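Data first, discussion second: the structure below is written as C-alpha cells.
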Amino acid sequence: MSSPFQVHFLGCGAALPTTHRAPTAQYIVCNNRHLLIDCGEGTQMQMRKYGVHFQKITTIFISHLHGDHYFGLVGLLSTMNLLGRTSGLTVYGPPLLEEILRLQFESGNSKFTFNMQFVPLEMKDKTLVLEDRLMKVFAFPLKHRVKTFGFIIEEKKDELRINKLAVERDQISVDHLKILKKGLDVELLNGDILSYLDYTLPSKSILSYAYCSDTAPFAKLPEYIKGSTALYHEATFIEEHIDRAKTTQHSTAKQAAKIALEAEVKQLYLGHFSSRYTSLELHLTEASEVFPSVCLVEDGMQITIKA
Ligand SMILES: [Zn+2]
C-alpha cells in the first residue's frame, strides 16, 4: 500500500545557519519513493535528529549552488558510503555540481560502495526529468543570481478505482477487471461490451508539491506551478526589506503569497527566512493578507499533502 505523500522540513533557514534554523533541506515521500530536495550544511545531522532513514533516499535534487542549499551533500554521500550503502543513487543538479563532487571525493581517494548517477539540470522551460510508474518530477528555471531550478513532485495514478458493488453484482473476472481498471472497455465473445465506466470510479485527484527556492518573482512562475496542491516558496524577507529582496533576487512573504494566489495552489508553505528576523509574525501577516491558506514552516515540521 502506498504511504501518504509527506514532506519533512529539515532546514528552513536562509544563508546563515542559526541554532534553531538549519539551511534548506526537505525529505519527501511520495508513493513510497524517498527523495531529498537540497542538502544544506548539517542535513545529515538534521536527519538523525528527526529520525529520517537516509539510506532509503534514491534521488537527490539540488536547486542551485549557493552553499546553504548543498554544502551538506558531500558529507551525506560520504556517510552513506561509510555505512556500506549498495543501492544506487541519482543526483540532479546544475552541471558544475558533478565536477565539485568528483574533486571532493577524488582528493580524499574515496571509493564508493554504491553507484551514483549524476543528471545535469540545464532546462530553460518546465521539463519532465523523472517518471516512473507512481511518480513524476518536473524541473523548471527560477530567477536567482546563479542558475537555479524549482521542482514539482507529482504522484501518479495509473489505474482507476474499482466499483466493488458493480464488479461483484456482475461477477467480473480478474482478467477483465485488469483491462477495465486501465480505462479500457472489454468485448466479450458474444459481442457484448463491458464498459469501464460501469465498473470503475474516477481516480482520486492527483496530488502535487511544488518547491520554489531561491527566486525573485517572475511572470512565468505561476504558470509553471499552476494548480499544485501545495507550494513551498521562499520568503527570505518582509516588505520592509523589499529592496534587499530585489538586489539578492529573493522574495518577500507577500510576493510569495501573490505567486500562490496566481498559481491557484491549495496551500502555501513559507520558509528560507533570513537570520535577521527573530520574529516571523510579519511574514505571516503580510502573506495571509494576500493568500490566507499559508503556513510558516520550521525545522522538523512534517506535513501530509492532501486534496
Ligand atoms: Zn541562493
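Between their Cα atoms, which of Lys136/Lys258; Lys178/Lys226; Lys204/Lys246 are more than 30 Å away from each other?
Working: Lys136/Lys258 26 Å; Lys178/Lys226 33 Å; Lys204/Lys246 40 Å.
Pairs exceeding 30 Å: Lys178/Lys226; Lys204/Lys246.
Scaled against 2.2 N^0.38 Å for its residue count N, the alpha carbon radius of gyration of the chain is 1.13. Phi angles of region 206-221 translate, via the Karplus equation with coefficients 6.51, -1.76, 1.60 and θ = phi - 60°, into HN-Hα couplings of 6, 8, 9, 10, 9, 10, 10, 7, 9, 6, 8, x, 8, 4, 7, 4 Hz per residue; Gly and Pro are given as x. Restriction of the GluC sites (Glu not before Pro) in region 224-290 to DSSP coil positions whose beta-carbon has at most 16 other beta-carbons within 10 angstrom yields Glu264, Glu289.
Compactness of region 161-201 is given as radius of gyration and Dmax, 9.1, 27 Å, from Cα positions.
Across region 230-245, rounded Karplus estimates of 3J(HN,Hα) from the backbone phi angles (6.51 cos²θ - 1.76 cosθ + 1.60, θ = phi - 60°) give 10, 10, 9, 10, 5, 9, 4, 10, 9, 4, 4, 10, 5, 5, 5, 4 Hz, Gly and Pro being marked x.
Provide the percentage of antiparallel DSSP beta bridges, counting only those with both residues in the chain; round to the nearest 5.
55
For region 161-201, the relative contact order is 48 percent, taking Cα pairs closer than 8 Å that sit 6 or more residues apart in sequence and dividing their mean separation by the residue count.
For Gly150, the residues whose amide H sits under 5 Å from its own are Phe140, Leu142, ignoring neighbours fewer than 5 places away on the same chain, with H placed 1.01 Å from N.
Suppose the chain between Ser205 and Lys306 were pulled fully straight at 0.36 nm per residue; how much longer would it get relative to their current alpha carbon spacing? Can you show the working numbers first?
Details: separation 101, 0.36 × 101 = 36.36 nm, distance 0.94 nm.
Net length gain for the segment: 35.4 nm.
Taking θ as phi - 60° and the Karplus parameters 6.51, -1.76 and 1.60, the scalar couplings of region 133-138 work out to 5, 10, 7, 10, 10, 10 Hz in sequence order, x denoting glycine and proline. Each helix, a run of at least 4 DSSP H residues, gives -39500 (n - 2.57); summed and divided by the residues of the chain, these come to -6500 deg cm²/dmol at 222 nm. Geometric descriptor of region 177-280, per residue, is 128 Å³ (volume of the convex hull of the Cα atoms). Between region 67-102 and region 227-243, the C-alpha centres lie 28 angstrom from each other.
Structure remark: mean-square fluctuation, Gaussian network model of the chain, C-alpha springs under 10 Å; the largest value among Ile153, Ile172, Ile238 belongs to Ile172. Note on Met301: accessible area is roughly 40 Å² with a 1.4 Å probe, heavy atoms of protein only.
A Förster distance of 41 Å, applied to the separation of the beta-carbon atoms of Ser279 and Leu103, puts the FRET efficiency at 0.50.
The values are calculated or read from the model by the stated rules, or taken from the named source; none is laboratory data. Note that the coordinates shown come from a computational prediction; the quantities given were computed from them, not determined experimentally. Neighbour counts are summed over all protein chains in view; Cβ atoms, including those assigned to glycine, are modelled from backbone coordinates with ideal geometry. Remember, those area values only see protein heavy atoms, side chains included, never the ligands or the DNA or RNA. Shrake-Rupley method; radii C 1.70, N 1.55, O 1.52, S 1.80 Å.
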